[in-house]
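Beneath this line is the structure, given in structure tokens, with notes to follow.
Taken together, the values in this text are just the output of simple stated rules run on the coordinates, not laboratory data. What you see is a predicted model; the values in this text were computed from it and never measured. Neighbour counts run over all protein chains shown; Cβ positions are idealised from the backbone, glycine included.
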Amino acid sequence: MARRLFEFLEQDTRTAAAARVLISTGAVLVVWQIVSMIVTNRLLLVPPAEVAVALAHEVADGAMWTNASATVTAVVTSFVVSVVIGVAIGLALASSRILSLTGGPVLSALNSVPIIALAPLFIAWLGLGFASKFVLVILVAVFPVVVTTEAGLRATDKPLIEAARSFNATPWQIFTTVTFPYALPFIVSGVRVAWARALVGIVVAEFFGSFAGFGYAILSASQTFDTARVLGYVIMLGAMGLLGSVLFAALEQRLAPWRQE
Amino acid sequence: MTEAVRLAVDGIGKTFERRGKPPVEALRDIRMTIREGEFVSIVGASGSGKSTLLRIIDGLIAPSAGVVRVDGRPVSKPGRDRAMVFQQDSLLPWKTVAENVAYGLTLAKVPKAEAFATAQKFIDIAGLKGFEQHYPHQLSGGMRQRVNVARALAVDPEILLLDEPFAALDAQTREIMQTELLSIWQATGKTVLLITHQIDEAVFLSDRVIVFSARPGTIRREIPVPLPRPRDLELKRSAEFVSLVDTIWKLIEAEVRAGLKEE
Ligand SMILES: Nc1ncnc2c1ncn2[C@@H]1O[C@H](COP(=O)(O)OP(=O)(O)OP(=O)(O)O)[C@@H](O)[C@H]1O
Ligand SMILES: [Mg+2]
């Protein structure tokens with residue numbers, strides 16, 4: 001019985017993947033419930049049911065909708081723009097040796113700076129509106145895309161390029177039929193990391209300066225010691241992260257099925 | 001054997017310059033001519049410049065000396081009169097068998113329908129019918145190599161350049177592929193230049209076997225193979241065949257041994 005369940009879960013199908021997510025979510029809920037029965041201080045931890053009630057309350061009074069639309073709009077726009085910029089910079093670095101040699105070190109230095117710590121500065125410069133969030137999210141999310149794009153474009157199998165050249169392919173044809181398709185799954189794996197980083201970026205930006213959004217809601221709920229609401233919004237963020245991760249992983253697998261087998 | 005000269009290799013030399021290291025002379029003064037429809041093989045120790053010569057003939061790299069002519073015209077870059085099957089796996093993993101076979105045609109901007117019709121013809125010839133929509137990673141090594149050959153044939157080259165096309169296959173599959181290659185060659189009348197490590201493969205397939213000496217690669221001997229055609233695997237057991245293989249093996253044995261010591 002246990003063995004058959006295990007075999008089912010190991011399968012590479014959508015049902016099995018969904019079942020895996022369900023089981024791990026269920027396990028977290030059970031552990032959470034047990035821990036909250038031991039830790040009875042409700043300022044520190046509240047049981048899942050109370051969090052669900054708090055979430056339902058947020059939905060009912062419309063706060064959820066306001067916060068979700070603020071966060072989702074800001075994060076999706078900035079994320080999409082960071083992917084575009086990241087791919088463009090990656091392309092430039094991969095196509096020019098000099099650019100890569102001069103720009104590469106600067107980029108990796110920037111990448112290792114905890115840009116997120118500069119959030120208060122950006123808000124001072126760009127105000128409390130959309131602009132500061134936009135810039136902060138782009139700055140944290142762009143690097144993984146740049147790095148994987150450049151690496152993917154440089155990783156192309158030499159024999160594939162040689163075969164294309166042997167068929168008289170032009171440099172543009174080599175790019176569109178060999179180099180870029182080869183790099184695509186690499187790029188998607190960078191995009192996946194970028195999505196996770198974008199979520200962190202948006203929450204921090206909302207902590208420091210905004211009047212709506214999940215980050216704002218978490219901060220204001222924690223100031224009133226409303227732990228159920230804090231956890232409720234954290235769960236919403238977690239769900240967004242999970243959704244992106246599952247989607248991009250599926251896309252990666254779809255683009256490069258030969259890597260799995 | 002009165003056909004015109006299709007491929008002429010005239011005094012080809014190649015020295016690779018390397019940064020911070022002494023240059024490598026891979027080929028020196030290679031001269032050979034191959035007539036239309038002829039099947040010629042090159043054998044030689046590893047590192048004797050065989051792949052380099054094939055790349056030069058295909059136009060992928062420029063020689064340091066000499067000139068290659070196809071039908072009298074000097075070669076300076078790849079062209080549709082030549083097609084190459086590479087030593088390494090070089091199918092596009094994200095394209096199906098049909099798309100891979102049509103690849104050379106689509107690069108040449110042949111209309112899609114026509115490209116796929118032509119591809120289908122060579123898929124059938126290569127015995128890949130029913131696998132058109134498979135991806136390379138879903139095929140066996142032997143089938144992948146057939147796709148490679150079909151892809152090269154699909155552009156209708158005059159000269160087929162094969163760089164150890166069967167090296168990665170097991171002995172049985174290789175023998176089957178050899179007979180299939182022979183029948184494709186007979187059906188299409190292409191001029192073929194094949195590189196191989198297998199002396200028996202060279203003798204079995206070729207009209208002539210060219211033996212290379214080790215670095216720098218030079219032509220050690222040219223050995224005609226006067227065995228009757230059509231040939232079948234039975235031939236490999238005949239005394240004539242065995243003695244030809246033996247002669248060639250003696251020619252390269254010393255160099256192979258020297259090469260092993262170097263490594
Ligand atoms: N691009 C290159 N740069 C420098 N040296 C090279 C290059 N290509 C080949 N060589 C050298 O030239 C020599 C001949 O190489 P080549 O690949 O033509 O040999 P080969 O006869 O095909 O060997 P094998 O039977 O192992 O395939 C080798 O010493 C190799 O190291
Ligand atoms: Mg070689």
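In the protein assembly as shown, what percentage of the DSSP-assigned beta bridges are antiparallel, given to the nearest 5? Intermediate results must be reported in sequence, preceding the final value.
Details: 23 of 41 bridges.
If we restrict to bridges inside the protein assembly as shown, about 55 percent are antiparallel.
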For A:Phe130 and A:Arg3, extending 7 Å from Cα along the Cα-Cβ vector and measuring point to point gives, in nm, a value of 5.9 nm
Quick one: which residues, 5+ away or cross-chain, put their amide H under 5 Å from the amide H of B:Ile42? H built at 1.01 Å from N. B:Leu194, B:Ile195, B:Thr196, B:Ile210
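For peptide B:144-154, how many partner chain Cβ atoms fall within 10 Å of a residue's Cβ, on average? Before the final figure, lay out each step's value.
Values: counts 0, 0, 0, 0, 1, 0, 0, 2, 3, 0, 1.
Per-residue shielding by partner chains comes out at 1.
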If you take each beta carbon of peptide B:84-94 and count the beta carbons of other chains within 10 angstrom, what is the mean? 6
Counting helices only, and only those DSSP H runs with n ≥ 4, report the 222 nm mean residue ellipticity of the protein assembly as shown as the sum of -39,500 (n - 2.57) divided by its residues, in deg cm²/dmol to the nearest 500. -19500 deg cm²/dmol
Give me B:Trp94, A:Trp195 sorted ascending by neighbouring Cβ count inside 10 Å, so fewest comes first. B:Trp94, A:Trp195
Amide H proximity to B:Thr15 below 5 Å, modelled H, separation 5+ or other chain, gives B:Ala26, B:Ser64
Per residue of the range B:94-105, what does 6.51 cos²θ - 1.76 cosθ + 1.60 with θ = phi - 60° give for ³J(HN,Hα)? Whole Hz please, x for Gly and Pro, Karplus curve as stated. 9, 10, 6, 3, 4, 5, 5, 5, 7, 3, x, 6
Using modelled amide H (1.01 Å from N, peptide plane; none on Pro or chain starts), what sits under 5 Å from the amide H of B:Arg221, excluding residues fewer than 5 places away? B:Val211
In nm², the average projected area of the convex hull spanned by the Cα atoms of the range B:87-156 is 4.2 nm²
What residue among B:Ala239, B:Ala83, B:Ala119 has the largest mean-square fluctuation in a Gaussian network model of chain B, using Cα springs under 10 Å? B:Ala239
Candidate lysines for bridging to B:Lys112, where Cα separation is under 27 Å - those fewer than 8 sequence places away on the same chain excluded: A:Lys158, B:Lys77, B:Lys95, B:Lys121, B:Lys129, B:Lys190
Do any GluC sites (Glu not before Pro) in the range B:1-47 lie in a DSSP loop with no more than 15 other beta carbon atoms within 10 Å, and if so, which? B:Glu3
Hydropathy at least 0.0 by Kyte-Doolittle, axial extent at least 20 angstrom from the Cα trace: which helices of chain A, defined as entire DSSP H runs, fit? A:14-38, A:63-95, A:97-112, A:130-155, A:180-208, A:227-255
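Using only the alpha carbons of the range A:188-261, what is the convex hull's orientation-averaged projected area in square nanometres?
Mean projected area of the Cα convex hull: 5.5 nm².
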Let me know the volume per residue of the alpha-carbon convex hull for the protein assembly as shown, in Å³. 227 Å³
Taking every residue of B:102-109, the Cβ atoms of other protein chains inside 10 Å of its Cβ average out to 4
Angle check, please: helix B:239-262 long axis (alpha carbons) against the longest principal axis of chain B (alpha carbons), in degrees 0 to 90, nearest 10. 70 degrees
